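Trainee: Structure below; questions to follow.
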Amino acid sequence: MSEIKVADISHDQRLLVHEEAASTQSLSEKRRLASLDIFRGLTVALMILVDDAGGEWPAIAHAPWEGCNLADFVMPFFLFIVGVSIALAFKCVSNKFDACKKVGFRTCKLLFWGLLLQGGFSHAPDELTYGVDVTMMRFCGILQRIALSYLVVALVEIFTKNSHEETLSTGRFSIFKSYYWHWIVGALVLVIYLATLYGTYVPDWEFVVYDKHSILYGKVQSVSCGVRGKLNPPCNAVGYVDRQVLGINHMYHHPAWRRSKACTDYSPYEGSLRQDAPSWCHAPFEPEGVLSSVSAILSTIIGVHFGHTILHFKEHSDRLKHWISTGLALLALGLTLHFTHLMPLNKQLYSFSYTCVTSGAAALVFSVLYSLVDIMEWKRMFLPLEWIGMNAMLVYVMGAEGVLAGFFNGWYYRHPDKTLVDKLD
């Protein structure tokens, strides 16, 4: 296995052998949970697909604002997988200090790679342009969000784990009682997120347009807000917190909302902004920002719960019943919040309804893969995805971040500019 992975921070994920056919084996005999590797590989492959094909097929690209397209499932799937891995990796913690050191080291590695890959070093691999303008460096990103969720949830797992507990209590709701600290942390995260989202006053704000292709390049634009509790693109608390904490120049300059009908006539495709587009269409917005990343911790906590289920229930059928029922309940709750307009699905804000729907979908996908791979043992048909899952960081760096394209484009026989000069001569 590679040393560091996008969504599997542990080298020790295991599945206890428990079926009657293996009843004579010792409980210490373990094997890898192949379905989790395959789920991770599937998610990485999905990420590359939507990144490369999303421009041509906007139905699979990120939703411009409200809604949930195929690309919007990638991040919560990663966080769900991280949660499952945490539960399996720290099922027995003999030395909390050593465990914390490992968590801290892996968190730092994720932050390092996140800043390197998404901080702005590689501007355009196809054009071989590199270098970082530190005044415009992007601080947040996919790996940074994973690092935060991993750090918080792993520390909760470590410090609330009874390393001497071999068998958990029985009962229908015992799994919730046994890990009540995780749900307390989840409730605190939700309260902080909702209180900030609906209680923060968002004043008017200004920004400078840095898009060199815009006729407004270099000009100062103003956005009128002066509201509280709004979830629209220009005046939500998520963007306000990021502008205050990160600084507007350190946010993502190509937000998905530019494909909305208010911004372009080509919606839902990318295209030039309308001349009468509101000023906020030219503004940056961080889809992996501070407040939305706090909310994203919930996805990892839900994933930890599914990992605990593997330890808590010894029969495949019991695990699947719990996973499927929980997944359907999350889906129902999220869709109800969305269609009753209490809280719309929104990946950019990482709304609670979005957390529920995407976590519920992750639960069902994981259940299907677990049935096919770990129960029915149809592993061979998923070998490519398993390899990707076991080398997720390598594939992520080489594929999704354009490093592979930049490497190949860096080799040439004659420089393109020199060839053009020769033709003109």
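The numbers here are math on the coordinates, done by the rules we state, and not lab data. Every value quoted in this text rests on a predicted model; they were computed, and no experiment measured them. Quick reminder, even Gly has a Cβ in these numbers, built from the backbone with ideal geometry, and neighbours come from all protein chains shown.
Trainee: With the cut-off at 18 Å, tell me which of the pairs Lys96/Lys177; Lys314/Lys379; Lys102/Lys314; Lys101/Lys161 have Cα atoms farther apart than that.
Mentor: Lys96/Lys177; Lys314/Lys379; Lys102/Lys314
Trainee: Next question. Apply the Karplus parameterisation 6.51 cos²θ - 1.76 cosθ + 1.60, with θ equal to phi minus 60°, to every residue of segment 34-42 and state each ³J(HN,Hα) to the nearest whole Hz, in sequence, with x for glycine and proline.
Mentor: Result, ordered by residue: 4, 4, 6, 4, 5, 4, 5, x, 4 Hz.
Trainee: FRET efficiency for Cys108 and Met398, Cβ-Cβ distance as r, R0 = 25 Å, nearest 0.05?
Mentor: Plugging the Cβ-Cβ distance into 1/(1 + (r/R0)^6) gives 0.70.
Trainee: What order do you get for Leu333, Leu197, Leu328 when you list them from fewest to most C-beta neighbours inside 10 Å?
Mentor: The fewest-first ordering by Cβ neighbours comes to Leu328, Leu333, Leu197.
Trainee: If you don't mind, there's one more thing I want to ask. Cα-based Rg (one decimal) and Dmax (whole number) for segment 223-269, in Å?
Mentor: 12.1, 33
Trainee: Taking each pair of distinct Cα atoms in segment 52-98 once, what is the resulting Kirkwood hydrodynamic radius in Å?
Mentor: This gives a value of 13.2 Å.
Trainee: Regarding segment 138-253, what are the three Cα extents along the principal axes, ordered largest first, in Å?
Mentor: If we take the Cα atoms of segment 138-253, the spans are 66, 28, 20 Å.
Trainee: Oh, and also: How big is segment 238-353 in terms of Cα radius of gyration and Dmax, in angstroms?
Mentor: Using the Cα atoms of segment 238-353, the pair Rg, Dmax is 19.0, 62 Å.
Trainee: List the chymotrypsin sites (Phe, Trp or Tyr not before Pro) within segment 337-404 that fall in a DSSP loop (any state other than H, G, I, E or B) and whose Cβ has at most 13 other Cβ atoms within 10 Å.
Mentor: Trp378
Trainee: When a footprinting reagent is the concern and you count Cβ atoms within 10 Å, what order do Leu311, Leu116 take, fewest first?
Mentor: Taking fewest neighbouring Cβ atoms as first place, the list is Leu116, Leu311.
Trainee: When every alpha-carbon pair in segment 179-225 is counted, what percent end up more than 17 Å apart?
Mentor: Of all Cα-Cα pairs in segment 179-225, 61 percent lie more than 17 Å apart.
Trainee: Still on this structure, please answer the following. Would you mind checking which residues have amide H under 5 Å from Leu273's amide H? H placed 1.01 Å from N; only 5 or more apart, or other chain.
Mentor: Those lying under 5 Å, H to H, from Leu273: there are none.
Trainee: Counting other beta carbons within 10 Å of each Cβ, put Ser359, Ser267 in order, fewest first.
Mentor: Ser267, Ser359
Trainee: Name the residues whose placed amide hydrogens come within less than 5 Å of the amide hydrogen of Ser351, ignoring near sequence neighbours (fewer than 5 apart) on the same chain.
Mentor: Under 5 Å from the amide H of Ser351 lie the amide H atoms of Asn346, each far enough along the sequence or on another chain.
Trainee: At 7 Å along the Cα-to-beta-carbon direction for both Phe159 and Ile375, put a label point, then send me their distance in nm to one decimal.
Mentor: 3.8 nm
Trainee: Give, in whole angstrom and from largest to smallest, the semi-axes √(5λ) of the equivalent ellipsoid of segment 195-296, with λ running over the eigenvalues of the Cα gyration tensor.
Mentor: They are 23, 14, 13 Å, listed largest first.
Trainee: For Ser267 and Ser214 in one chain, what is 0.36 nm times their gap in residues minus the Cα-Cα distance, to one decimal in nm?
Mentor: 17.3 nm
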